[in-house]
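Nothing in this text is a laboratory measurement; each read-out follows from the coordinates by a stated rule. These numbers were taken from a predicted model, which means no experiment stands behind them. Positions of Cβ are generated from backbone atoms using ideal geometry, with glycine treated the same way; all protein chains shown enter the neighbour counts.
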Amino acid sequence: MKNLTNEQISQNMKAMRVKANLTQQEVADKLGLNRRSIMNWEKDAGCVSMKTFILLADVYNCKLTDFFVA
């Protein structure tokens with residue numbers, strides 16, 4: 001299994017959101033966060049906790065591992 005860079009993980013996060021047909025604001029609302037948090041994660045400008053990845057997988061209806069594969 002190939003190790004991904006933080007930038008690649010951030011790109012995967014955005015791709016999963018787009019695939020789920022959600023805006024950054026919609027995701028932020030579902031997680032009780034502000035849109036800037038989502039934007040920063042997708043630009044590799046913030047640190048995402050494992051708990052948040054689990055919540056995002058639920059919101060995006062994907063597997064947790066989908067964020068970490070090339």
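Tabulated data for the structure shown
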| item | result |
| --- | --- |
| Normalised contact order of the chain, rounded percent, pairs of Cα under 8 Å and 6 or more residues apart | 43 percent |
| Added length on full extension, which subtracts the Cα-Cα distance from 0.36 nm per residue, THR52 to THR65 | 3.4 nm |
| Lys, Arg +1 and Asp, Glu -1 on Cβ, resulting dipole of the chain about Cα centre, debye, nearest 20 | 20 debye |
| FRET efficiency, ARG36 to ALA15 (Cβ-Cβ, R0 25 Å, nearest 0.05) | 0.80 |
| Isotropic mean projected area of the C-alpha convex hull, the chain (nm²) | 4.1 nm² |
| Mean ellipticity per residue at 222 nm, deg cm²/dmol - from DSSP H runs of n ≥ 4 across the chain, formula -39500 (n - 2.57) | -17500 deg cm²/dmol |
